[in-house]
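Notes for the one structure printed next.
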Amino acid sequence: MEITWIDTVGSTNAYLREQPERVGPMTMVCAREQTEGRGQRGNSWESEPGKNLTFSFYISNPGVKASAQFSISEAVALGIAGALSEFDVQTKVKWPNDIYAGERKICGILIENSILGEAISKSVVGIGINVNQTEFRSDAPNPVSMAMILGKMLDLGEVAETVGRNLEKSLARGMDDTHGIYKESLWRGDGRPYPFREAATGKEIKAAIRDVEPGGHLILDCGRYAFKEIIFL
Ligand code: BTN
């Protein structure tokens, strides 16, 4: 992947959605500072300027049906996990696509797909990896960074290059292989029961992860849930 750096931008995802032709597909646009970094569910994304990797890239016509869009999410999550393991930071994928080191979130992913008919015409993939930040101010649950785990600062350019290489490799893998590896990489995917809350009922339950469907639904031993229907506690 090509890598390009910009100093300050609202959000790298918005930057690529508004004017993708500023860079080519599969070019990582890394921002030293985001003034309006966005997370999932309308949250903001905290990142101290110059400390972390906050970047987006787009895939033009990824050749994926809209119904299979979760496979992009899986491949991206595995690419990040692979890159971090090259730095001896071992991670798991918290369904659907947060990257966790132990009990703490080290990376968030925000994918925004454009759909044309039945196919995805463009996918903007935004990734925030906590690299050198050691204090977090927002109310994000349990953030952690590579530096906090390793006890040393890392070179952002080197992390970016490693991430790009791993993403490229992961996105080139076949969908079936990707799905199998994704399931093996699941956080709390060891078959034991863990606490969840059902969004619809507000009920707290203890359940074990049995499966994730290729379309992205989470199968617990007590039911089948779409994204946002079930919350890890
Ligand atoms: C999450 O909430 O877990 C997703 C966080 C995604 C953050 C990244 S940082 C680069 C890109 N630009 C944004 O505004 N958000 C994503």
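Within segment 60-68, can one find any residue that is under 25 Å from residue 196 (Cβ atoms), open to solvent by 70 Å² or more (accessible area, probe 1.4 Å), modelled with pLDDT under 95 and outside any helix (DSSP H, G or I)? Break it down into steps so the answer makes sense when it comes.
From segment 60-68, those under 25 Å from residue 196 (Cβ atoms) are none; that's our starting set.
No, every residue in segment 60-68 fails to be under 25 Å from residue 196 (Cβ atoms), open to solvent by 70 Å² or more (accessible area, probe 1.4 Å), modelled with pLDDT under 95 and outside any helix (DSSP H, G or I).
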Query raised in the report: So residue 140 clears everything in (1) surrounded by fewer than 21 Cβ atoms within 10 Å (Cβ to Cβ); (2) in contact with a strand residue (DSSP E or B) (Cβ under 6 Å, 6 or more places away or on another chain) except one condition, right? Which one?
Result: (2)
Report summary line: Those residues of segment 34-53 that are of a type outside the set (S, T, N, Q), within 11 Å of the ligand (Cβ to nearest atom) and assigned to a loop (DSSP other than H, G, I, E, B) come to a total of 5
Report task. Could you pull out the residue among 178, 162 that is touching an Asp or Glu at 6+ places or on another chain (Cβ under 7 Å) and either more than 27 Å from residue 228 (Cβ to Cβ) or aromatic (Phe, Trp, Tyr) (or both)? Result -> 162
**Report entry** Identity of the residue in segment 7-33, within 13 Å of the ligand (Cβ to nearest atom) and at pLDDT below 95, that ends up farthest from the chain's Cα centre (by Cα)
**Finding:** 18
Report task. Taking residue 99 as the residue in question, decide whether it is within 16 Å of the ligand (Cβ to nearest atom), within 21 Å of residue 213 (Cβ to Cβ), touching a Lys or Arg at 6+ places or on another chain (Cβ under 9 Å) and β-branched (Val, Ile, Thr). Result -> yes
Report summary line: Those residues of segment 203-228 which are small (Gly, Ala, Ser) and open to solvent by less than 40 Å² (accessible area, probe 1.4 Å) amount to 207, 208, 216, 223, 226
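The values are calculated or read from the model by the stated rules, or taken from the named source; none is laboratory data. Not measured: the values here are computed from a predicted model. Methodologically, a virtual Cβ is constructed for each residue, glycine included, from the backbone with ideal geometry; neighbour enumeration extends over all protein chains shown. For the accessible areas, the whole protein counts, side chains as well, though only heavy atoms, and no ligand, DNA or RNA atoms are used. Shrake-Rupley method; radii C 1.70, N 1.55, O 1.52, S 1.80 Å.
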